[in-house]
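A short reminder: the numbers here are calculations on the coordinates, not readings from a lab. Computed from a predicted model, the values in this text were never measured in an experiment. In this analysis, Cβ positions are derived from the backbone assuming ideal geometry, glycine residues included, and neighbour counts consider all displayed protein chains.
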Amino acid sequence: MKRIHYIALPIAALVALGGYAYYAQRAPLAPAVGNAPPITDAAGKTANGNGKGNAGPVMVEAMRVEAVDVQEDVVAVGTVRSNESVVVRPEVSGRITNLNFSEGGRVQQGQLLVQLDASIVAAEVQQARANLKLARANYDRTVELRKDNFVSEAAQDQALNNLRVVEATVALAEARLAKMAIRAPFSGVIGIRQVSVGDYVKEGQDLVTLEDTSSLKVDFRLPEMLTGALERGQRVEVHSDAFAGKRYIATLDAIDPVVDQNGRALVLRARLENINGQLRPGMFVQTRVILSQRQGALMVPEEALIAVGGEQRVYRVQSDNKVEQRTVVTGLRREGRVEIIEGLQAGDLIVTAGHLKLRPGTIVQVMQEEATVAAPDRSAAPVAPQAKPAKNAS
């Protein structure tokens with residue numbers, strides 16, 4: 001009996017295993033889990049083991065390509081400087097007797113700013129003028145005597161020399177007297193003074209600053225590789241964090257002929273009018289130099305591109321709602337957008353989201369067609385007069 005049991009048990013196990021395999025092969029495939037789409041081949045057929053049935057359309061987001069105008073530009077940071085700037089300093093020592101300006105106010109060219117005590121120098125001028133009067137009289141008398149040969153020619157020459165010496169003494173005294181009055185070298189805005197009436201100042205001591213801010217200079221640097229693309233007269237847009245959203249129009253005024261060896265950069269200076277007086281010297285600004293302008297450029301969002309090896313590709317939706325993969329040549333990249341030089345045409349519908357589910361020939365349904373890509377919004381009105389138009393880009 002034990003031998004019969006040892007033989008029957010393996011036979012029963014083999015029968016049960018064969019029955020399970022038979023029924024398992026006849027059972028239908030389990031449905032897809034969750035929202036995962038059926039696996040399809042290149043022709044769009046469902047890979048369900050028998051090659052029958054069509055997959056449903058894949059939901060994607062897309063947009064139509066339109067030609068827009070673009071500008072090629074380069075951005076840098078810069079510093080605002082006054083058109084003219086000077087620190088007022090005395091050329092001679094003396095005690096201040098008068099300050100003829102209001103701090104932060106405007107002054108005119110030639111206006112008296114600081115008066116030093118000139119009493120001693122004024123007395124020297126009077127003394128020199130008296131000596132001049134006497135020297136001129138002596139010379140005139142010597143000339144008359146020479147006509148009658150009462151004096152020698154050498155005596156006349158000596159009198160003339162004395163007259164010239166005294167004239168120089170007067171000029172020297174008058175020059176010293178003029179330096180006791182410090183005047184504005186140009187019209188502008190006066191700064192905060194460092195001295196008071198009664199202070200004794202030495203030659204070269206800082207008294208106050210004077211700034212001409214009717215127009216401003218903006219100094220900035222760009223890489224030397226742009227040397228061939230820059231020229232005087234190009235338009236420069238200036239933006240300041242202090243006045244968000246405002247755009248100031250400047251003109252490229254000067255290009256330093258020497259490249260800075262430390263950073264291998266070009267030193268540039270732009271000029272802009274400051275009629276409203278908003279910008280101030282020393283401010284930090286962003287500059288944007290317009291290098292060139294192009295019309296009819298095709299711009300697409302960066303998310304529409306797929307990197308395949310060393311190529312860039314996009315999915316284009318055809319009229320039958322099937323997608324094809326296009327290889328494109330890209331150009332400028334600006335603010336999340338890419339210029340398409342080759343591979344697309346205006347009006348093409350391209351996929352911007354949902355690429356992972358796509359293969360060439362996949363049928364799609366556009367669930368959202370995005371607005372056409374437009375040129376960047378540079379519409380903020382310039383707050384300074386327009387400078388000469390020049391090449392530039394965005």
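How long is the gain from Leu356 to Ala154 if the chain were fully straight, where each residue apart is worth 0.36 nm and the alpha carbon distance is subtracted?
Extra length available between Leu356 and Ala154 comes to 61.6 nm.
Calculate the dipole size of segment 202-288 relative to its Cα centre from +1 charges on Lys and Arg beta carbons and -1 charges on Asp and Glu beta carbons; express the result in debye to the nearest 20.
The calculated dipole for segment 202-288 is roughly 320 debye.
Along Cα→Cβ, 7 Å out, is where each label goes; now give me the distance between the ones at Ile341 and Ala13 in nm to one decimal.
7.2
Using only the alpha carbons of segment 221-308, what is the convex hull's orientation-averaged projected area in square nanometres?
Numbers: hull surface 37.6 nm².
Convex hull of Cα atoms, orientation-averaged projection: 9.4 nm².
Hey, quick one: spin label on Asp241, modelled 7 Å out along Cα-Cβ, who in segment 266-284 has an amide N within reach, i.e. under 14 Å?
Within reach of a label on Asp241, which here means backbone N under 14 Å from a point 7 Å along Cα→Cβ, segment 266-284 contributes 283-284.
How long is the gain from Arg141 to Val75 if the chain were fully straight, where each residue apart is worth 0.36 nm and the alpha carbon distance is subtracted?
Details: separation 66, 0.36 × 66 = 23.76 nm, distance 7.77 nm.
Additional length available on full extension: 16.0 nm.
Compute the Cα gyration tensor for segment 154-207, then decide on rounded, prolate or oblate, letting a ≥ b ≥ c be the square roots of its eigenvalues: rounded whenever a/c is under 1.5, prolate when a/b is larger than b/c in the other cases, and oblate in all that remain.
On the way: a/c = 5.70, a/b = 3.04, b/c = 1.88.
Prolate, because a/c is 1.5 or more and a/b exceeds b/c.
With viscosity set to 0.890 mPa s at 25 °C, what whole-number translational diffusion coefficient in µm²/s follows for segment 114-175 from Stokes-Einstein and a Kirkwood radius over Cα pairs?
The estimated diffusion coefficient comes to 192 µm²/s.
With the crude spin-label approximation of a point 7 Å out along Cα→Cβ, what separation in nm comes out for Ser187 versus Ala67?
5.0
Determine the gain in length on full extension of the stretch Met59-Glu84; use 0.36 nm per residue of separation and subtract their C-alpha separation, reporting nm with one decimal.
Taking Met59 through Glu84 to full extension adds about 2.7 nm, to one decimal.
Using only alpha carbon pairs under 8 Å that are at least six residues apart, calculate the relative contact order of segment 238-359 and give it in whole percent.
Working: 158 pairs, mean separation 22.6, N = 122.
With pairs under 8 Å counted, the relative contact order is 19 percent.
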